[in-house]
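The numbers here are math on the coordinates, done by the rules we state, and not lab data. Predicted, not measured: the structure shown is a model, and the values here were computed from it. Neighbour counts run over all protein chains shown; Cβ positions are idealised from the backbone, glycine included.
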Amino acid sequence: MAIIKYYGAIAEATQCNEEHIAVADLNISDCVELLSAKYNLNAFEITVALNQNLVDIDSTIKLTDSDEIALLPPFAGG
Amino acid sequence: MKKVFIKGPITPQFISDAIEKHQTKHSIGAHNIFLGQVRADEIKNKTVAAIDFTCYEGMANPILEEIREKAFEKFNLTCMHIYHSLGTIKAGEICFFVFVSAKHSKDVYDATEFLVNTVKKKVPIFGKEIFEDESHQWKVNQ
């Protein structure tokens, strides 16, 4: 099971800050699509981080159980 | 790793102490300070009372370290400090403090602008604008 983290407006939509999901045979793109459908996130501008590094939302990098994936809304520091 | 995130507002006393700590560093001839303050924006007849800041700290800290290294490469600095608040910061309170020191003024102006813009753009910080009636919207940087 990989860990999925949610922040800001996306965490508000998912109503949780993190969860574990089975990622066997999933890549980044599949995973985002799955979660977008589950939580109705299509309206959000999402940036994706894999193990704390930004990756393309359409990336075909395969996920493993030790991965940490984060769905991030637009950054708003300062 | 330098501590950037502070729970609660950045107080005038904290800023004053930071200035005082640099008075023993006699190679410094110029300091520049940027302070970000929470604005009471009026949006659709509602007024922002506070911003609740959160961040993805595991990702933010290495990015801040990279930004710091880049600033030292690009500009001739003696030292630099970045602080950002987490939690609820009321309108009028300080949430972002960038403090840059060098021998000469040009470097501190350029470095401050670089740091402020880069932190806003690259660091995963999120802000919930809370209105006076306790409803909210999510902050988007201009």
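Quick check: the angle from helix B:12-21's long axis to the longest principal axis of chain B, C-alpha only, nearest 10 degrees?
10
Between B:K46 and B:S135, what is the spin-label point distance in nm, taking each point 7 Å from the Cα along the Cα→C-beta axis?
Taking the simple label geometry, B:K46 and B:S135 are separated by 0.4 nm.
Please give me the summed charge of the neighbours of B:S101: other residues whose Cβ is under 10 Å from its Cβ, Lys and Arg +1, Asp and Glu -1. Walk me through the numbers before you get to the answer.
Working: positive: B:K25, B:K103; negative: B:D107.
Residues close to B:S101 contribute a combined charge of +1.
In the stretch A:2-72, what percentage of the DSSP-assigned beta bridges are antiparallel, given to the nearest 5?
75
At 7 Å along the Cα-to-beta-carbon direction for both B:E65 and A:D30, put a label point, then send me their distance in nm to one decimal.
Inter-label distance under the simple model: 3.3 nm.
Please compute the net charge surrounding A:D30, taking Lys and Arg as +1 and Asp and Glu as -1 over other residues with Cβ under 14 Å from its Cβ.
Net of charged neighbours comes to -3.
Using only the alpha-carbon atoms, how far is helix A:28-39 inclined from the longest principal axis of chain A? Give it as 0 to 90 degrees, nearest 10.
Approximately 50 degrees, to the nearest 10.
When DSSP beta bridges are limited to those with both residues in chain B, what percentage is antiparallel, rounded to the nearest 5?
90
Pairing the Cα long axis of helix B:57-74 with the longest principal axis of chain B, what angle in degrees results, from 0 to 90 and rounded to the nearest 10?
Tilt of helix B:57-74: around 40 degrees.
Find out how many positive minus negative residues lie around A:G78, taking Lys and Arg as positive, Asp and Glu as negative, among other residues whose Cβ is under 13 Å from that of A:G78.
Details: positive: B:R39, B:K120, B:K121, B:K122, B:K139; negative: B:E113.
Computed value for this residue: +4.
Taking every DSSP beta bridge with both residues inside the protein assembly as shown, roughly what % is antiparallel (nearest 5)?
85
Taking square-rooted eigenvalues a ≥ b ≥ c of the alpha carbon gyration tensor, is the stretch A:1-58 rounded, prolate or oblate, where a/c under 1.5 means rounded and, failing that, a/b exceeding b/c means prolate?
Note, shape of the stretch A:1-58 comes out rounded.
Separation between the B:A18 and A:K62 pseudo-spin-labels, each 7 Å from Cα along Cα→Cβ, expressed in nm?
According to this spin-label approximation, the distance is 4.7 nm.
Using the Cα atoms of the protein assembly as shown to build a convex hull, what is its mean projected area in square nanometres?
13.5
Near the amide H of A:G77, under 5 Å away, which other amide H atoms are found, from residues 5 or more places off or on another chain, if H is placed in the peptide plane?
Those qualifying (amide H under 5 Å, at least 5 residues apart or on another chain) are B:I125.
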